[in-house]
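Comments concern the structure below.
The values are calculated or read from the model by the stated rules, or taken from the named source; none is laboratory data. What you see is a predicted model, and the numbers here were worked out from it, not measured in a lab. For neighbour counting, all protein chains shown are included, and Cβ atoms are generated from backbone atoms with ideal geometry for every residue, glycine included. These accessible areas exclude ligands, DNA and RNA; they are computed on the full protein's heavy atoms, side chains included. Shrake-Rupley method; radii C 1.70, N 1.55, O 1.52, S 1.80 Å.
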Amino acid sequence: MLRIRLRRTGRKNQPFFQMVVTEKSAPPKGGRAKEKLGFLDPVNNKRSIDKERVRYWLSVGAQPSATVHNLLIEEGVIKGDKK
């Protein structure tokens, strides 16, 4: 089963997250990703999401994690209630 989730990168006390499509059973930090869909930088309050590719992966059957689901609602990619 495919998941769209955040993968933490960056240094200690300087988090940086990549939004990736990966298998649900893959480890959260080191698992091989099928595709990078964007990033989230909470330190500098920057984010970028490839909305078209996210919509494609959702149409194929990938399920977003709760945090990614809330981010996609904020960005206007999907509609619904936050989790």
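A few comments on the model shown:
- Carbon + sulfur, % of accessible area of region 1-74 - ligands and nucleic acids excluded, 1.4 Å: 47
- Those lysines that a straight Cα-Cα span of less than 18 Å connects to Lys12, excepting residues fewer than 8 apart in one chain: Lys29
- Residues of region 42-61 with amide N under 16 Å of a point placed 7 Å along Cα→Cβ from Glu74: 42-51
- Taken one residue at a time, the phi angles of region 57-67 give Karplus couplings (6.51, -1.76, 1.60, θ = phi - 60°) of 5, 5, 5, 6, x, 5, 9, x, 6, 4, 5 Hz. Gly and Pro are set to x.
- Extension gain for Ala66 to Arg8 (0.36 nm times residue separation, less C-alpha to C-alpha distance): 19.3 nm.
- A cut-off under 9 angstrom between Cβ atoms defines the neighbours of Leu2, and their net charge, with Lys, Arg +1 and Asp, Glu -1, is +2.
- Taking Cβ atoms as reference points and 15 Å as the exclusive limit, the residues near Glu52 contribute a net charge of +1, counting Lys and Arg as +1 and Asp and Glu as -1.
- Amide hydrogen neighbours beyond the local backbone of Glu35, cut-off 5 Å, H modeled: Val21
- Aspartates and glutamates whose Cα lies under 19 Å from that of Lys34, excluding same-chain neighbours fewer than 8 positions away: Glu23, Asp50, Glu52
- Here, the chain has an Rg and a Dmax of 12.3, 36 Å when only alpha carbons are counted.
- In the context of the full set of protein chains, the chain has a per residue accessible area of 67 Å² (1.4 Å probe).
- Largest mean-square fluctuation among Arg11, Arg47, Arg55, in a Gaussian network model of the chain whose springs join Cα atoms under 10 Å apart, belongs to Arg11.
- Highest-fluctuation residue, Lys24, Lys46, Lys12 considered, GNM on the chain with Cα pairs under 10 Å: Lys12
- Accessible surface comparison of Thr22, Thr9, probe 1.4 Å, protein chains only, largest first: the order is Thr9, Thr22.
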